[in-house]
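The values are calculated or read from the model by the stated rules, or taken from the named source; none is laboratory data. This structure is a prediction, so every number in the text was calculated from the model and none was measured. Methodologically, a virtual Cβ is constructed for each residue, glycine included, from the backbone with ideal geometry; neighbour enumeration extends over all protein chains shown. For the accessible areas, the whole protein counts, side chains as well, though only heavy atoms, and no ligand, DNA or RNA atoms are used. Shrake-Rupley method; radii C 1.70, N 1.55, O 1.52, S 1.80 Å.
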Amino acid sequence: MKQKPEESIRIYAASLVLKQLDVLSAELNQVRKPKDIEAVHRMRVASRRMRAILDVFQDCLPAKRRTLWISEVRNLTRALGAARDADVQIESVNGILGELDDPLHRPGIRRLLLRLKQKREKLQVKLDSRLDEYEASGVSEEMSAAFTGYAA
């Protein structure tokens, strides 16, 4: 039989979860505008931290909701990760293009950059869809409601 975590552990877990929920929610609208690649980065970091918190403090989570919460955050992290990877690739290729000495290489690098930007646009559509699913799931509100009473 599992032992319930001490109240102090629940309070600590609640403060961590609520902090990451705040970061996720603060970045949500900025991530929908693919102009700020750092918003994607910050939200991805927050989602990875949330996954770690949910993993470490599993005993503090409601048993009936635990699997859903972890799954929703994992799916969000994956979508953010794909977008972030494309952003980093675009930034890197832009840097290479700016440093190119041989003008004969420019058309090929520009073509690569175009393909990466097209890929990123498609990923933004998927990311927006995933963000919609995350919001519609109500997971953020559930977690907030579950932990608000414990937060100091």
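Confirm whether L18 is assigned to a helix (DSSP H, G or I) and either at positive phi or touching a Lys or Arg at 6+ places or on another chain (Cβ under 8 Å) (or both).
So L18 does not fit the description; no.
Among the residues of the stretch 25-41, which ones are surrounded by 19 or more Cβ atoms within 10 Å (Cβ to Cβ) and among the basic types (K, R)?
none
Looking at the stretch 21-50, which of the residues that are free of Cβ contacts under 8 Å to residues at least 60 places away in the same chain, over 24 Å from G138 (Cβ atoms) and assigned to a loop (DSSP other than H, G, I, E, B) is nearest to the chain's Cα centre (by Cα)?
That would be D36.
From L76, L100, L61, grab the single residue that is more than 22 Å from Y12 (Cα to Cα) and more than 15 Å from the chain's Cα centre (by Cα).
L100
Is it fair to say S15 is of a type in the set (S, T, N, Q), under 20 Å from D132 (Cα atoms) and either within 12 Å of the chain's Cα centre (by Cα) or at pLDDT below 95 (or both)?
No; evaluated as a whole, the condition is false for this residue.
Yes or no: the stretch 62-71 includes at least one residue that is among the β-branched types (V, I, T) and under 13 Å from M143 (Cβ atoms).
The answer is yes; a qualifying residue exists.
For residues in the stretch 57-93 being crowded, with 19+ Cβ neighbours inside 10 Å and in contact (Cβ under 8 Å) with a residue 60 or more places away in the chain, which is farthest from V17 (Cα to Cα)?
Of everything passing the filter in the stretch 57-93, E72 is farthest from V17 (Cα to Cα).
Across the stretch 107-152, what is the number of residues that are of a type in the set (G, A, S) and in a helix (DSSP H, G or I)?
Here the count works out to 8.
Of the residues that make up the stretch 43-56, is at least one surrounded by fewer than 17 Cβ atoms within 10 Å (Cβ to Cβ) and under 21 Å from L116 (Cβ atoms)?
No, the stretch 43-56 contains no residue that is surrounded by fewer than 17 Cβ atoms within 10 Å (Cβ to Cβ) and under 21 Å from L116 (Cβ atoms).
If a residue must be open to solvent by less than 100 Å² (accessible area, probe 1.4 Å) and either on the phi > 0 side of the Ramachandran plot or touching a residue at least 40 places away in the same chain (Cβ under 8 Å) (or both), how many such residues does the stretch 94-128 contain?
So the count comes out to 5.
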